Amino acid sequence: MTERTEAETVAYTVTDRIAWVKFNRPEKRNCMSPRLNRQMGRVLDELEFREDVGVVVLTGEGTSWSAGMDLKEYFRETEAQGLGATRQAQREAYGWWRRLRWYQKPTIAMVNGWCFGGGYGPLFGCDLAFAADEATFGLSEINWGILPGGGASKVATELMPFRKAMYHAMMGENIDGKTAAEWGLVNESLPLAQLKERVEQVAKVLLAKNPVALKATKDAIRRVREMTYDNAEDFLIRAQEAANSFDNDGRKEGIKQFIDDKTYKPGLGAYDVKKQPA
Ligand code: COA
């Protein structure tokens, strides 16, 4: 098969306000080349503020989610062009993972197969992650003679207990989806045949929530991890007040539908955002 064009390295469809974004180099197990990284940046730009998109799901075409960085195009060929090209390729890769971490819309990683090394960057970039039991996760860097760079070491220690992160990084052994869920790399693991349905179910729950509150919440959960309790308390007051200026009526409507209208209970589900005055 001839090599895909840059535009073809990422595919997406939007259905019922869910954008299904796919790594689309199945013949290369969706490893991330500079071209794919540039295209992901463009696709994320395109989807971020679209009115008809409420949730973004990142998944992979074929048997792989992503086999990590492209050893040929990302490492060997850029290194051959010198430090400038290497740094450029790093900026393009790290750039879209950072975009994902702070993305406007909620994001879900749907890990359908192989997930290696550099793939941990976008995995952590997504707010939630669901894996197939059949998926395979590995920090394979040690197997080919480098450290888990591009954030992968950081992701391992952010998501896993210290001993597990160290074992995972040093041993170069793979784990399946179930173990990835036990170790904290993903929220849940379930048979591949049920994966999409479950992700769709989760996406639908998110679509029914107040979007300003969702963005404020996902940012808050990421930010407070590195703060002292007092700094977090202060940050959260300010973050809520900033959210209020974007969405003054949301929480008032939420209180009204519970206290006055008695149409829902916040402990049991979300208020009806569609009834909120525009
Ligand atoms: N970089 C470059 N090329 C890669 C790649 C990567 N990370 N992962 C897969 N490919 C290419 C292979 O070279 C092969 O190319 P070819 O058809 O031109 O020979 C093609 O994708 C298919 O890969 P193959 O190894 O035949 O598929 P498989 O299903 O038997 O095995 C993996 C899948 C993921 C286990 C295996 O491809 C692999 O180990 N990849 C590297 C994973 C890795 O260490 N990533 C970390 C990088 S930081």
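Bear in mind these aren't lab numbers, they're just calculated from the coordinates by the rules spelled out. Being a predicted model, the structure only gives us computed values, none of them experimental. Cβ atoms come from the backbone with ideal geometry, glycine included; neighbour counts cover every protein chain shown.
Tabulated results
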| read-out | value |
| --- | --- |
| Within segment 28-87, chymotrypsin sites (Phe, Trp or Tyr not before Pro) in DSSP loop having at most 16 other beta-carbon neighbours inside 10 Å | 49 |
| Segment 20-47 and segment 141-178: distance between their alpha carbon centers, rounded to Å | 23 Å |
| Unit charges at the beta carbon, dipole of the chain: most positive-side option, 205, 39, 170 | 205 |
| Local net charge near residue 58, Cβ-Cβ under 11 Å (Lys/Arg +1, Asp/Glu -1) | 0 |
| Debye-sum result for segment 151-222 in log10 I(q)/I(0), which assumes one identical scatterer on each alpha carbon, at q = 0.22, 0.25, 0.26, 0.27 Å⁻¹ | -1.02, -1.08, -1.10, -1.12 |
| For the chain, convex hull of alpha carbons as volume per residue, Å³ | 152 Å³ |
| Amide H partners (placed H, <5 Å) of residue 111, local residues excluded | 130, 131, 132 |
| Average projection area in nm² (convex hull over Cα atoms of segment 1-121, one quarter of hull surface) | 7.2 nm² |
| ³J(HN,Hα) computed for each position of segment 123-136 - Karplus, 6.51 cos²θ - 1.76 cosθ + 1.60, integer Hz, glycine/proline x | 4, 6, x, 6, 5, 10, 9, 10, 10, 6, 3, 6, 5, 10 |
| Of 72/218; 22/218; 22/274, pairs whose Cα-Cα distance is over 24 Å | 72/218; 22/274 |
| Least to most buried among 245, 64 (fewest other Cβ within 10 Å first) | 245, 64 |
| Residue 83-residue 46 FRET efficiency (beta carbon distance; Förster radius 22 Å; 0.05 resolution) | 0.10 |
